[in-house]
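The values are calculated or read from the model by the stated rules, or taken from the named source; none is laboratory data. The shown structure was predicted, so the numbers you read here are calculated from the model rather than taken from an experiment. Note: ideal-geometry Cβ built from the backbone for every residue, glycine included; neighbour counts use all protein chains shown.
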Amino acid sequence: MNPFTVLGVPFNAKKDEVTAAFRQLAKKCHPDLNPGDPEAGERFRTLNEAYRTLIEEIDAPHQRDRRPPLKRSAAPTVVTIRRNVFLTVHEAITGCKKRVEGISGPCSCCSGSGRVSAPGPVECTACFGTGVRHSRQSGFINLKVECGDCKGSGKVTWFKCHECGGFGNVHMDSCDVDIPPGTRSGEQLVIPGGADDRRENVVGDVEITVVVKDRKFRIAGNDIETAVTVDIWDAVLGTTADVSLPSGEVCRLVIPPETPHGGRFRIKGRGLHYTEEKGDLVVTLKTRNLKLSDPGVRQAMEALRDASIASSRKTDDL
């Protein structure tokens, strides 16, 4: 832990500056003020430890000139998290936002930048104001590597965000993901850094696989397939039926007489519209099953059978 980074103060900060920074951050991190945040207690303990460390150094002048050592952190574990996102046909066509569980989202404190503005130029805590991150010897030449945070100036106008530790994101239980229009089932979207978790020293991406699953509609190429159900006498005599589109609109379908169960109709231009060639709406006709227990249905079916037999005999006699 670097106490200067935790408190967001420069190396040469005075005691009153350290105290002011601690009090400001303590108001945000105190567990009593964040009852719904399970991590507030841990952040508050880290803040107290950093404050105590700096105050002890300031009160011991002979230790003040000794710069805090840079602790080499262990290499993070690289992972890939895979999640499925289920869409309706309408959501796949128009695009939408979907909440995905268990991935990282941008830090609300720094808006994902990992930095918060300082009131003015302060000493860079990465190089302690030297402008040099580290030096290395190459033969007889001493090479100095410029600090990437301050670009060699030794000064910066920002602090690392105390909420996310400079990562720019925080681990959440869920995060909203933008699904672009025209997404097909089986397509994959990659969320860079979506698996980052600084608490567990884990970094990585989230791979989202889109699954288009709809009870009423199905995408087939550029066409949208659906079904409409009518009574058997309407299929025989002919009728009209309202067919719903994925957008919620309704179009009128004319069903000609003697249309069989399973008959298909194609409505031009009402399929997928984001492709070069517009698709069609393909409607399959289904007929409702009759129940003989319903009053009058058995007699009507028997009369229909007798009429059909009589008609067939007349045709055979001709």
- prompt: For segment 274-294, what are the residues that are under 17 Å from ILE93 (Cα atoms) and either among the hydroxyl-bearing types (Ser, Thr, Tyr) or in contact (Cβ under 8 Å) with a residue 60 or more places away in the chain (or both)?
  reply: TYR274, THR275, VAL282
query: Do any strands (runs of 3 or more DSSP E) entirely within segment 45-148 hold 1 or more residues that are under 34 Å from the mean Cα position of the chain (by Cα), more than 30 Å from LYS27 (Cβ to Cβ) and at pLDDT 75 or above, and if so, which?
result: 77-87, 96-101
- prompt: Since ASN222 meets every condition but one in (1) closer than 17 Å to CYS107 by Cα; (2) surrounded by fewer than 19 Cβ atoms within 10 Å (Cβ to Cβ), which condition does it not meet?
  reply: (1)
- request: Give the residue that is modelled with the highest pLDDT, with candidates limited to residues of segment 181-200 that are over 26 Å from HIS273 (Cβ atoms) and out of contact with any strand residue (DSSP E or B) (no Cβ under 7 Å at 6 or more places or on another chain).
  value: GLU200
task: State all residues of segment 152-175 that are modelled with pLDDT under 85 and charged (D, E, K, R); if no residue qualifies, say none.
output: LYS160, GLU163, ASP173
message: Suppose we keep only residues that are of a type in the set (A, V, I, L, M) and in a strand (DSSP E or B) within segment 215-247. Which one would you say is farthest from GLY182 (Cα to Cα)?
response: VAL230
message: Can you find a residue that is closer than 24 Å to GLU276 by Cα, polar (S, T, N, Q) and either within 21 Å of the chain's Cα centre (by Cα) or surrounded by 13 or more Cβ atoms within 10 Å (Cβ to Cβ) (or both) anywhere in segment 201-219?
response: no
- prompt: Which pairs do you get when a residue that is acidic (Asp, Glu), found in segment 112-126, comes within reach of a residue that is assigned to a loop (DSSP other than H, G, I, E, B), reach meaning Cβ atoms under 8 angstrom, with the pair 6+ apart or on two chains?
  reply: GLU123/PRO10; GLU123/PHE11; GLU123/ASN12; GLU123/GLY129; GLU123/GLY154
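Residues that are of a type outside the set (D, E, K, R), at pLDDT 85 or above and loosely packed, with under 13 Cβ neighbours inside 10 Å: list the strands (runs of 3 or more DSSP E) wholly contained in segment 248-318 that include at least 2 such residues.
In segment 248-318, the matching strands (runs of 3 or more DSSP E) lie at 250-255.
Restricting to segment 95-119, give me the number of residues that are of a type in the set (S, T, N, Q) and surrounded by 16 or more Cβ atoms within 10 Å (Cβ to Cβ). Steps first, please.
As a first pass, look at segment 95-119 and keep what is of a type in the set (S, T, N, Q): 104, 108, 111, 113, 117.
From what's left, surrounded by 16 or more Cβ atoms within 10 Å (Cβ to Cβ): 104.
Residues flagged as of a type in the set (S, T, N, Q) and surrounded by 16 or more Cβ atoms within 10 Å (Cβ to Cβ) within segment 95-119 amount to 1.
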- prompt: Would it be correct to say that GLY186 is loosely packed, with under 15 Cβ neighbours inside 10 Å, in the same structural domain as HIS90 (by TED's automatic domain parsing), under 26 Å from the mean Cα position of the chain (by Cα) and not β-branched (Val, Ile, Thr)?
  reply: yes
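In the list ILE224, ILE255, ILE208, which residue meets the criterion of being free of Cβ contacts under 8 Å to residues at least 40 places away in the same chain and either of a type in the set (A, V, I, L, M) or not assigned by TED's automatic domain parsing to the domain that holds ARG83 (or both)? Don't jump to the end; show me each part of the working.
Numbers: ILE224 fails: free of Cβ contacts under 8 Å to residues at least 40 places away in the same chain; ILE208 fails: free of Cβ contacts under 8 Å to residues at least 40 places away in the same chain.
None of the other options fit; the residue is ILE255.
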